[in-house]
1. What is the order of I245, I253, fewest Cβ neighbours within 10 Å to most?
2. Between S562 and Q140, what is the spin-label point distance in nm, taking each point 7 Å from the Cα along the Cα→C-beta axis?
3. Rounded to the nearest 0.05, what FRET efficiency do A375 and V178 have when you use their Cβ-Cβ distance and R0 = 56 Å?
4. Which of H28, H527, H117 has the fewest other C-beta atoms within 10 Å, and how do the rest follow up to the most?
5. Working out 0.36 nm times the residue gap between L551 and T328, then minus their Cα-Cα distance, what length gain in nm do you get to one decimal?
6. Fewest Cβ neighbours within 10 Å first, please rank W520, W385 accordingly.
7. Tell me, what is the FRET efficiency for F50 and Q501 to the nearest 0.05, using R0 = 56 angstrom and their Cβ-Cβ distance as r?
8. Using amide H atoms built in the peptide plane, which far-off residues or other-chain residues are under 5 Å from V85 H to H?
Amino acid sequence: MFMGLGGVVAANFSQNARQSAEQERYLHNQRVLREAKQALLRYAYSYPEFNDEGPGRLPCPDTDNDVDGLPGDGGPLTIPICTSVGRFPWGDPGLRFYDARDATGERLWYAVSDKFHNLGGGPGGGVNSDSFGSITVVNQAGDAVYDGGLGEGIAAVIIAPGAITRRDQDNDGNYETVQLRGTPLQRTDPRNYMDTFAVPAAGANNQIDNSVFTNDESNSNDDGFILGPIFDPAQSDFVVNDQMIIITADEVIEMAEKRTLQAYRDAINEYIANTGTNAYPWLDDYATTDLTVFDADINTRIGRVPSLFANYFAPTPDNPSPPARSITSDVEMNGVEVLNLEGFVVPHPTDLGVISANAQIEFDNNGDLIITPVANGVTTDRFYWDEIAAPDGWQECLPADTGTEQDCHQALASPGVPDSSVVPNELATRVVRVRYVNNMAAGTPFTRALTDSAGLDPVYQPPTAAAHARVALEYSEILLDAIGVEYRYDDFFLASLDDIQSGGLNYRLQVTYYPVLPEWVLSNDWHNSMQMSFAQGFAPGAGANCVPGGLPPAACITVNNSGGVTDDKAAVLVLAGEHGMGDADDGLAGFSDDLAEIFDLDHRQATGAEDDVFAVRAGDDEILVID
């Protein structure tokens, strides 16, 4: 009797010990898989930091299982393979992970959807709110938990392969093939780590093989994975011990959305710092249907962020070759020097006005400005006279009468006022006409090279209630084929000016200044679904202040469901989720309308109200409170 009891106790102890060991292995694998998943999500968020592409990308698998853990086979000239399952690429510099092992000491395995891997794919060549996963995941009954064929697949899967088991290699119901992991070749073959299982389907066996994953396959057996563990009573063993963790498309997209919102916040903060004001830029009205021009409208504070998708004037170390992107801007020539005419200092006008109205401005890969006028240029004349006895020397002749050199016929009793009935009081009066000739033909581009500039530091001007912010760069000389400077003069005042000279001067070229956003914001199709609003008190020229809970126009913005005080916000960014894919709740031209009526054109037209009220995570939109 005692011996029988001892056997029962020993059996129970052995069973409990096995369960405890299995639990420890499961918890170990779960921890490692979670760490690897978090590393991938950080990679997706920070991808723009080490690549020109936008966020939401994931690395390709490691296919050679060597010591470096790099994607592909680690060779410098080899393109990584993203079509099949491979080892987790722990050595990728952007991943910042370690050589993790499961509870059996094996390296992790990994597969990534062709919609998210960093070799391309995805709608429009990038990841955005409309991206979807292509990897299918089925349960033990063969039912699709995530169906890649319907656009509802996952983005990636990480697998702890577990201990050696047997595989049904020929799908006959017998698990006759033992996994082998002894040689280097065997250790790179996923069949020696990934498991198989035949699930009943229409009276026949339908085998799911975790080792034969192939991206973008129509056959669900080849583009998916089966969840384990699976115990087969006929085998008296686990036939699937692959323990995995999935990364959904929504999880990756959430990281990409957060990084995109941060990119806008960074650009707006840089704009505010450069312009030296707390005022936000005027925006592009959200009701616009033109999604190709990213300019702004004066007095608009609800809508798209006006943007330039390249750097003003010069590349940066992070973006040494920005692609050319154009904006429409008034081009102003502002003088910064004086003309010296035979010892007489002629003051140069501070503002020559718009010399090429509404020109298209591009910044090429060298940071040079390519300017294409859309209207013929103008000729601007300025006249000066030299009152020898006066201490202030040369003075501009105001166009009080004729707008010609006749305005320089000065009278002693009324300086600056022409009077033809009075004999000129100074016989030696010199008159100078400075003519600025715009030789630019409409539609013909010309270039202002960065190397022609007199200084590399641009000068920023803040926006006002009636004007956008501007940025200017000083140039060393006007190029005569585009803008000529000619001056005529006479030693004594006559009816005409005979002597002609020409030359150049330093000048500032000014263009409208918008927040500078990375190129991927546009190429990955984020920009059309991004909206912004700021309180009236933070509009240009308004004083940069608002009153929490106050009444318009002094009120701050309200953001509900945000915790804490909700009615004290200066500005918000709103990113519309799933702005394509046939979603009926996308707003006009794919814009946000889930939040409140503020982005609902029908409500605005019906009520005339801009209520400045938002709600965090209303619908599928993301909100970032700037301040």
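Taken together, the values in this text are just the output of simple stated rules run on the coordinates, not laboratory data. Because the structure is a prediction, the values reported are computed rather than measured. Ideal geometry is used to build each Cβ from the backbone, glycine not excepted, and the neighbour counts take in all protein chains shown.
1. Fewest-to-most Cβ neighbours within 10 Å comes out as I245, I253.
2. 4.8 nm
3. For A375 and V178, the calculated efficiency is 0.10.
4. Final ranking by Cβ density, sparse to dense: H28, H527, H117.
5. Stretched out fully, the L551 to T328 stretch lengthens by 76.7 nm.
6. W385, W520
7. According to the calculation, E is roughly 0.50.
8. F213
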